[in-house]
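Read-outs throughout are calculated quantities, based only on the coordinates presented, and are distinct from any laboratory measurement. Predicted model, so just to flag it, every value in this text is computed and none were measured. Cβ placement follows ideal geometry from the backbone for every residue including glycine, while neighbour counts extend to all protein chains displayed.
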Amino acid sequence: AQTVTQSQPEMSVQEAETVTLSCTYDTSESDYYLFWYKQPPSRQMILVIRQEAYKQQNATENRFSVNFQKAAKSFSLKISDSQLGDAAMYFCAYTTFGNEKLTFGTGTRLTIIP
Amino acid sequence: DSGVTQTPKHLITATGQRVTLRCSPRSGDLSVYWYQQSLDQGLQFLIQYYNGEERAKGNILERFSAQQFPDLHSELNLSSLELGDSALYFCASSVGIGGRETQYFGPGTRLLVL
């Protein structure tokens with residue numbers, strides 16, 4: 001069974017600094033997709049970034065980028081120039097081709113220190 | 001705003017009761033997913049519908065059922081409610097199937113069973 005592990009329950013970072021959130025996954029599939037979702041205090045689930053496993057290039061969305069290490073089954077999220085609005089729970093998620101259910105990690109609570 | 005709507009936003013009911021949660025997907029999306037977020041179980045996939053047909057089942061209790069209607073909106077029915085059913089229930093939608101499609105989440109329905 002596929003599993004997603006986020007080993008950092010909580011992280012904190014100074015405003016304007018850079019922080020990296022870790023995620024590892026376990027799968028025997030070759031065609032899969034990885035996502036980072038953000039859940040602010042409003043509890044809305046917001047897509048931050050996605051990565052296709054077949055793409056070697058790491059995905060980037062403005063201040064958010066990933067470090068995708070396929071062999072190591074690692075998918076970390078880097079947030080640059082952290083802002084107060086980045087404070088939220090961040091969930092790493094996985095899905096495969098032909099099986100669309102998202103499997104989530106347990107989340108990392110990110111605090112931004114002004 | 002993801003374009004996915006869920007009603008009601010909050011629901012308070014008593015044990016043994018039955019409730020119906022409603023979801024309208026983004027315009028053009030054919031696939032609807034239901035997820036449960038609870039403190040002890042985290043985010044878990046319940047069930048998926050695609051164009052009116054059930055496509056995948058996850059950790060959904062027998063007391064729970066769902067359907068997707070011809071206009072593509074979906075309803076999740078929870079019956080014989082127990083205290084442990086208190087959770088945030090998310091609906092998500094995507095254009096199609098295959099796993100590569102990004103799922104966009106609604107704001108959730110917060111259920112409290114007393």
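Summary of values
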{"quantity": "Loop-located trypsin sites (Lys or Arg not before Pro) in segment B:29-95 whose Cβ has at most 13 other Cβ within 10 Å (DSSP)", "calculated": "B:ARG63"}
{"quantity": "Other protein chain Cβ atoms within 10 Å, averaged over every residue that makes up A:90-98", "calculated": "3"}
{"quantity": "Low-density loop positions, GluC sites (Glu not before Pro), segment B:17-98 - DSSP coil, at most 14 other Cβ in 10 Å", "calculated": "B:GLU62, B:GLU82"}
{"quantity": "At most 14 other Cβ within 10 Å, DSSP loop - chymotrypsin sites (Phe, Trp or Tyr not before Pro), segment A:46-114", "calculated": "A:TYR54"}
{"quantity": "Lysines whose Cα lies under 22 Å from that of A:LYS55, excluding same-chain neighbours fewer than 8 positions away", "calculated": "A:LYS70, A:LYS73, A:LYS78, A:LYS101"}
{"quantity": "Positive-end residue, chain B charge dipole about Cα centroid, Cβ charges, pick of B:CYS91, B:HIS10, B:GLY52", "calculated": "B:HIS10"}
{"quantity": "Residue-wise HN-Hα coupling along segment B:35-52, computed from phi with Karplus coefficients 6.51, -1.76, 1.60 (Hz; x: Gly, Pro)", "calculated": "10, 10, 10, 10, 5, 8, 9, x, 8, 10, 6, 9, 6, 10, 10, 10, 6, x"}
{"quantity": "Exercise: per-residue mean of other protein chain Cβ atoms within 10 Å, B:75-85", "calculated": "0"}
{"quantity": "Partner chain coverage, peptide A:37-45 - average Cβ within 10 angstrom", "calculated": "4"}
{"quantity": "Binned Cα-Cα distance frequencies in chain A - 10 Å width, integer %", "calculated": "15, 49, 29, 7, 0"}
